[in-house]
Amino acid sequence: MKSFIYLLSTLFMFCVSVRVGFTQGVGAPAGVSSGLFAWYDAANFDVAAQRWPPKVGATVLESFSQTNAAYARLNQYEDDLNRNFSIVMEGRGFRAEMLPNDPEASYTIFAVCRRNSTSAGTYQQMSWGIGGLSAYPGVTVGEGSVQDNRFKITNNRTVNVRESRPSPKGFKISSFTFSYGLNQRNLPKIASISGESAAIDAGNTLAFNNGWVYINANAAFPPGEFEQRHEFAEFIIYNRRLSDAERQRVETYLSLRYSLPLTVGIAGGGRYTLNGTNDLWDQTRAFNHHIVGIGRNDALGLDIRHSWGGVYPEVLLETRDPNTRISTDNAFLLIGDKGTYHEYANETNTVAMPGGKRLKRIWRVQNSGVSDSVQVFMASLVAPEGGLSLDPCAPVRLLVSADSTFATYTAYPLTPALIYENPTTPTLFSSYRTILRFSQGESFVTLAAINSPGTPAVAAADVHAKQFTPCVDEEGFSYLLNADGRPLIGIKGLTGEELAKAKLEADIRVLDEPARFSNGASTATLMRRLVTVSSLGTLPSQPNMTVRYYFTPEELTDAQLPDGTGTWFKKEGSAAATLADFADDGKLTTGVTTNLLVVNGDQNGVSYVEFRRLTSFSTFGFTSSVTSLPVTLESFGANPENGVTQLSWKTSSEVDALSFEIQRSSDAAGWEPVGLVPVAAGDFTAPRNYSVTDHHPLKGINYYRLKITDRDGSFALSKIVTVLHRLTSDEDAVLYPNPSKNSILFRHLPVKPELIDGISICDINGREALRSGVNISGEVDISSLPTGIYMVRVTLKNGGQFTRKLIVDR
């Protein structure tokens, strides 16, 4: 199965066009030029002549073999090396007499290579070596167990440098720093494999034999028919001892160029840096394995647009347009883990979260200057409840969080990256894909299966968008998306086919501050966010639609006037027409829909208001106004009596008042008149009392307000009062008592108490006023809540929830 999946991953890689990972002509690896003696890049290999000319230096490496049949070839399409070249050496090696015959010389050598098979004979060929018949020092990468990498110091001394985690690609970055002679015998030899280094053999001299360099061979045992196969991508020789900082710079350079992970930040591990000063990776954060990334550094010739790490393409980063490099010079985006490997999602490696589950395994991201959107590919088989699912609406999400607990996160929908189609075989794929823009600095990612469209994006500037999700979430919403795939608005009530026919577009207008109007007699504000939804196609004949409108609490607070009447509105026309209408007199005088059902809530921590029961789309927003009343209203109240509602109010003065209209609502959104009281002509300064009976109140909560009309046609609205008319009995209510003063009790719960996770109580603006950890089947103390109308949200352990309206009346 694993080999099959690896084949799939390879096919997937071939489906993507070749990326540029390196620019020829750069002067030295990571800018470390002092002492650069010879630099061999596989891209320079002369296949026809079987010679390897250097890009820096004068000596050509010549090939040799025990058999004429052996032939080294150039591999141009190896995904393991990030689309760079490698030389496949099978039964053939390379050599040159090139190093000065100096017993006091020091060298630092780097090699990017892998060993693909084992020799059929008893002698294990070296990957590379320097010296005479026994090729010392030398290194065999991958000898012994998969984690052992053997450095041969002399003809009878061998030291293993053991990686805590082997490179899953086989290719490794090996380096060796050493000196010859008695005068330097106390200098330790520094051996390193893929960033993990060790000081070895200090205090012992290393005999100098001659200046020969051997690759995939040595003088005593030239490569022959049965020797193992090696691949080399790069070979670099410095004729001095590089410092730890310099060596780590070169290793970082090779890691980025070839998408080879380094192990850093552990005992013996190095740093991830290109200049020795600035770290591209914070090694104190413990995610120090399998670090790969994309980025750009013009001075070093690095242009990396594609990079992946892991045994299979578990994590793959690409620029959004593979033909375009990262827009900012010296910017890098890296990702790494804690040394974990590919595992199928199961009960032991996942953790429950609201609405679903996520992997326990997480990856850390460090962004140093990349502002571009990038493509992220994740292995499909490790996705919880989503492996190999071709359903574009599967609940598979990539979670991105600012911290490793994922207490808050942004969820990005994932779509299958198709790689194999056949009329007689089911379509298969190896990865999921999404596009996003990472924030600067640190973030964390993981895979999850959750019934969530993701965290909405509350745009800070004007947006025009028309890309809707093809999927409907568990609430029935489709979402208009921004460029990063995050929801901008939600639409409910249209099927996928109806949504396609409607051809919806949205314009979000965001003002610098709320629009304001004042003429002395009245003051009004218009919230700075206006959302216009328009249909360029055809809507159903009798639609019943909902728009979910996202906003920030600060935007709503800035627009609300003290003692003002706030109204969420739908206004026919564009946002510009709405602003012009408001500027005239602070009122929206035409095209305002007054029978909207408006509901507040939050989605992944983002506030929203829903406009329900829509038959058309237009401009949505919020306005608040304060108007000088034609009367001074001393009191307004309502009480239930024998199945009717008695309403009464008292005025202390009346000037040019025309009438009082009593309005009733079942939801405090849509209102209807239930009584009208004319006012006697004239002005009054003495107290006056009024009363009206609502003989047919609604079952449950009744909301009442007064519409006070002046003789010039202007009007104002009073505060809202509530009355609860019981249903058949108290047992029919979920909350009891309601209205309440000090505590509430839940009765007739729709689910078992043990399935309930908690309770939160929000005010009518959606702000959380109380969160209770009390057993939901017992009493909940609400004595701290002021008088008002609240929504009680009960959250279930499976991520579901239900809400009930609560009146606190003191």
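Summary of computed values
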quantity	calculated
Rg/Rh (Cα only; Kirkwood hydrodynamic radius) as it applies to the range 334-421	0.95
Residue-span extension gain [Asn742 to Ser371] - 0.36 nm each, minus C-alpha spacing	128.4 nm
Potential lengthening between Asn765 and Ala49 on full extension [0.36 nm per residue; Cα-Cα distance subtracted]	250.0 nm
Viscosity 1.567 mPa s, temperature 4 °C, Stokes-Einstein D of the range 185-258 from Kirkwood C-alpha radius, µm²/s	85
Long-range tail of P(r) for the range 175-217 (Cα pairs > 16 Å, %)	47
Local net charge near Thr645, Cβ-Cβ under 9 Å (Lys/Arg +1, Asp/Glu -1)	-1
Computed over the range 283-347, the ratio Rg/Rh where both radii use C-alpha atoms and Rh is Kirkwood	1.05
Hull shadow area, averaged, the range 438-515 [alpha-carbon convex hull, nm²]	7.2
Footprinting exposure proxy for Leu539, Leu333, Leu262 (fewest neighbouring C-beta atoms within 10 Å first)	Leu539, Leu333, Leu262
Dipole axis of the range 310-380 (+1 Lys, Arg; -1 Asp, Glu on Cβ), positive-most option in Gln375, Pro322, Trp363	Trp363
Quotient of Cα Rg and 2.2 N^0.38 Å for the range 281-406, N being how many residues it contains	1.12
Point-to-point label distance, Ser522-Asn451, nm (Cα→Cβ direction, 7 Å offset)	4.5
Environment charge at Ile761 (Cβ cut-off 12 Å; Lys +1, Arg +1, Asp -1, Glu -1)	+2
Cα-projected label distance for Glu474 with Asp585, points at 7 Å along beta-carbon direction, nm	4.9
Separation in nanometres of the label points that stand 7 Å from Cα toward Cβ, at Lys699 and Ala286	5.8
Whole-angstrom gap from the range 246-287 to the range 171-224, using each part's C-alpha centre	22
Computed FRET value (nearest 0.05) for Leu390 with Asp484, which takes r as the C-beta separation and R₀ as 22 Å	0.40
Solvent-free Debye scattering, log10 I(q)/I(0), computed from the Cα coordinates of the range 29-72 at q = 0.16, 0.26 Å⁻¹	-0.51, -0.93
Cβ-Cβ FRET estimate between Thr615 and Thr348, R0 fixed at 45 Å, reported to 0.05	0.30
11 Å beta-carbon shell around Glu634, net charge (K/R +1, D/E -1)	+2
Two-decimal Rg to Rh for the range 206-303 - Kirkwood Rh, Cα set	1.06
Cα centroid separation, the range 478-513 to the range 64-96 (Å)	54
Dipole in debye (nearest 20) - the range 299-420, about Cα centre, beta carbon charges: Lys, Arg +1; Asp, Glu -1	220
Extension reserve of the Ala69-Ala680 stretch, reckoned as 0.36 nm per residue once the Cα distance is removed	208.4 nm
Debye log10 I(q)/I(0) at q = 0.28 Å⁻¹ for the range 487-551, Cα point scatterers	-1.24
Sorted by Cβ neighbour density within 10 Å, fewest at the top, the residues Tyr608, Tyr341	Tyr341, Tyr608
Residues His695, His230, His290, sorted so that the one with the fewest Cβ neighbours within 10 Å comes first	His695, His290, His230
Unit charges on C-beta of K, R, D, E only; dipole of the range 507-571, Debye	300
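Any read-out appearing in this document is the output of simple, stated calculations on the displayed coordinates, not a laboratory observation. All values reported here derive from a predicted model rather than from experimental measurement. Here the Cβ is made from the backbone with ideal geometry for all residues, glycine too, and neighbour counts use every protein chain on show.
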